[in-house]
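Here's the structure we're looking at; comments come further down.
Derivation of every value follows stated rules applied to the coordinates shown; laboratory data play no part. No experiment lies behind these values; they were computed from the predicted model shown. Ideal geometry is used to build each Cβ from the backbone, glycine not excepted, and the neighbour counts take in all protein chains shown.
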Amino acid sequence: MPSRPRFNRILLKLSGEALMGDGQFGIDPETVGRIAGEIKVARDDGHELCLVVGGGNIFRGLAGAAKGFDRASADYMGMLATVMNALALQNALEKIGVDTRVQSAIPMATVSEPYIRRRAVRHMEKGRVVIFAAGTGNPFFTTDTAAALRAAEMGCDALFKGTSVDGVYDADPKKVATAKRYETVTFNQVLADDLKVMDASAIALCRDNNIPIVVFNIREQGNLARVLGGGGTFTVVEN
């Protein structure tokens, strides 16, 4: 793979599941602590970082709607779950000396700042990590779309999606032994082949704003720093 320009400002998208470790649900403090350590290494290397975290380890709106919840209410419940995850990450980061701010798209003045774009940019310029909670603040939008939106608003060089696989494959590698991993793939191919990187609105938002998506395995120790440095295994989705 040719050498890539350094990504200085990145948005890291974490699924809620990334925080539950080997458990079936909830937040595993040891796993959260490890991820916080990886974020600290990236910050200490001079990267400006912001994060969007999902809520699937606590409550997933779509799953709730499928079981009879009103879809809008279920999505709001999922957004509140992301606030819990954001506070857990903030706690873990501040324990290891990383200044962190949580900004929530649903105003919650007691526990977080409201989402204010210029304030978030200023925090990052000062070396703080900003965690965006509560998705976009609107039902019917996923946290993937929130990540793409915030990456565009923050002027990020790339969106890093930390998952449980080491890139984008032409089939599910957990089910198909012969699945092939892409080194790079275009946004349009992801949409045309329905490659399940992120939902279609998130992919289109990144494509239209020319923000590459770097898909890598966050469960692998030290992988965020490796991939930021151009090493490790990952897939880049770009125009």
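Kirkwood radius, the chain, all distinct C-alpha pairs, inverse of mean reciprocal distance: 17.8 Å.
Treat the count of other C-beta atoms within 10 Å as a stand-in for reagent exposure and order 104, 164 from fewest to most.
Fewest-to-most ranking of 104, 164: 164, 104.
Across the chain, C-alpha contacts under 8 Å between residues 6 or more apart give a mean separation that, scaled by the residue count, equals a relative contact order of 22 percent. In this calculation the C-beta distance from residue 117 to residue 201 is compared with R0 = 30 Å, giving a FRET efficiency of 0.95.
Under the membrane-span-like helix rule (DSSP H runs whose alpha carbons stretch at least 30 Å along the helix axis, mean Kyte-Doolittle hydropathy 1.0 or higher), the chain yields none. Looking at the chain alone, DSSP beta bridges between its own residues are antiparallel in about 15 percent of cases. Would region 109-186 count as rounded, prolate or oblate if I go by the C-alpha gyration tensor, calling it rounded below 1.5 in a/c and otherwise prolate when a/b exceeds b/c, oblate otherwise? Cα axes put region 109-186 in the prolate bin.
Post the alpha-carbon centroid distance, region 23-44 to region 207-226, in whole angstrom. Computed from Cα coordinates, the inter-centre distance equals 16 Å. Note on region 144-199 and region 45-74: Cα centroid distance 18 Å, given to the nearest whole angstrom. Entry for region 123-239 at q = 0.12, 0.16, 0.24 Å⁻¹: log10 I(q)/I(0) = -0.44, -0.79, -1.50, Debye formula applied to identical alpha-carbon scatterers, no solvent contribution.
Under a model in which nothing but the beta-carbon of Lys, Arg (+1) and Asp, Glu (-1) is charged, the chain shows a dipole of about 360 debye around its Cα centre.
Taking the dipole about the Cα centre of the chain, with the C-beta of Lys and Arg at +1 and of Asp and Glu at -1, give me whichever of 14, 59, 110 is farthest to the positive side. My answer, from the dipole projection, is 110. Computed over neighbours whose Cβ is under 13 Å from that of residue 138, the net charge equals 0, Lys and Arg +1, Asp and Glu -1. Distance between the pseudo-spin-label points of residue 125 and residue 24 (7 Å out from Cα toward the beta carbon): 4.9 nm.
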